[in-house]
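Here's the structure we're looking at; comments come further down.
Values in this text are rule-based calculations from the coordinates and carry no lab data. Small disclaimer: the values here were computed from a predicted structure and weren't measured. Cβ sites come from the backbone with ideal geometry, for glycine too, and all protein chains shown count toward neighbours.
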Amino acid sequence: MNWGYKIIFVYAIFVAGIVFMVVKSSSQNVDLVRPDYYEEELKYQETIDATHRANALSKKLQLKVNNDTLQISFPKEMASEAFKANVWLYCIADVKKDVNQLYTTSSGWLSISLPKANKGLHDVKVSWAFNGLTYYFEQKLFIQ
């Protein structure tokens, strides 16, 4: 085989590799974090303010996983009256494992049962309103 055929052979392998990568990458599932991502980005200053208010509390939220149950403990000043909290378990790897629910508590803690298939790294995002102010807390959590 002379050098001309070798150049054509290498070029054909290169083109086949590029075509393979294009086909493979176009079949991957690419999800946005949220379908309304851009609208949420415009309102992000509210989240920053709510995070500052949550950090100014006497104690940070405590997250603990215990036998397929996520336990969230709010600061003591939140135990005096009922309030609503939105808990979002955002699974970074798979949007189908996300859990986003609204809970009401008057005891200052929440106990959330986790689906058995919901293992792996999650961002736990908790937003709540108490006495007319909004608060926001976010923490990475690995569920085994």
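Just subtract the alpha-carbon distance of Ser80 and Tyr103 from 0.36 nm times their residue separation and send over the number in nm, one decimal. Mind showing how you got there, number by number?
Details: separation 23, 0.36 × 23 = 8.28 nm, distance 1.63 nm.
Between Ser80 and Tyr103, full extension yields an extra 6.6 nm.
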Using the Cα centre of the chain as origin and beta-carbon charges of +1 (Lys, Arg) and -1 (Asp, Glu), tell me which of Ser80, Leu114, Ala50 is placed farthest towards the positive end of the dipole. Leu114
Tell me the label only: which of [x] 1.62; [y] 0.94; [z] 1.26 is Cα Rg over 2.2 N^0.38 Å as calculated from this structure? [x]
For helix 3-26, what angle does its Cα long axis make with the longest principal axis of the chain, in degrees from 0 to 90 and rounded to 10? 20
Treat every Asp and Glu Cβ in the chain as -1 and every Lys and Arg Cβ as +1, leave all other atoms uncharged, and give the resulting dipole magnitude about the Cα centre to the nearest 20 debye. 560
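Over 23 Å between Cα atoms: which of Lys64/Lys97; Lys97/Lys140; Lys43/Lys64; Lys76/Lys97; Lys59/Lys97 fall into that group? Please list the in-between numbers first.
Details: Lys64/Lys97 19 Å; Lys97/Lys140 15 Å; Lys43/Lys64 30 Å; Lys76/Lys97 31 Å; Lys59/Lys97 29 Å.
Those over the limit are Lys43/Lys64; Lys76/Lys97; Lys59/Lys97.
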Report, ordered by chain and residue number, the aspartates and glutamates lying within cross-link reach of Lys96, taken as a straight Cα distance under 19 Å and ignoring same-chain residues fewer than 8 apart. Asp31, Asp36, Asp68, Asp123
Taking only Cα atoms, what is the 0 to 90° angle, nearest 10, from helix 44-55's long axis to the longest principal axis of the chain? 50
